[in-house]
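The values are calculated or read from the model by the stated rules, or taken from the named source; none is laboratory data. It should be emphasised that the depicted structure is a prediction, and the values quoted were computed from it without experimental measurement. Glycine gets a Cβ as well: all are built from the backbone with ideal geometry, and neighbour counts include every protein chain shown.
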């Protein structure tokens, strides 16, 4: 079983949610580390720091559902980059970046 990761707005945040990644400020400093459980106090502090979005963990999903979602993302990426040629370096970099992000291999 794995847990899905989401980007939510601060307005959608509620106590008990868990951060899926380090939350950084505009200078790259860690405001809250991965695994932090949000509280009313931490949400209020983030509002004062003008944080817009948060990376949080969602519900647990089965390995089969996770694999099906990855396959769906892979098919979509193949469709989006169907006209891509290997000698177009800029598009290759973009395709790799989007693939890594969508397929969760950016870590």
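Every residue, every condition in (1) touching a strand residue (DSSP E or B) at 6+ places or on another chain (Cβ under 9 Å); (2) in the same structural domain as residue 6 (by TED's automatic domain parsing); (3) at pLDDT below 85; (4) within 16 Å of residue 5 (Cα to Cα), yes or no:
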site	(1), (2), (3), (4)
70	no, no, yes, yes
78	no, no, no, no
81	no, no, no, no
85	no, no, yes, no
89	no, no, no, no
94	no, no, no, no
107	no, no, yes, yes
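Which of the residues belonging to segment 53-89 are assigned to a loop (DSSP other than H, G, I, E, B) and surrounded by 10 or more Cβ atoms within 10 Å (Cβ to Cβ)? 62, 81, 84, 88, listed by residue number. Residues of segment 10-19 that are in contact with a strand residue (DSSP E or B) (Cβ under 6 Å, 6 or more places away or on another chain) and over 10 Å from residue 36 (Cβ atoms): 13 alone.
Restricting attention to segment 25-47, does a residue exist that is surrounded by 13 or more Cβ atoms within 10 Å (Cβ to Cβ) and assigned to a strand (DSSP E or B)? Yes: one or more hits.
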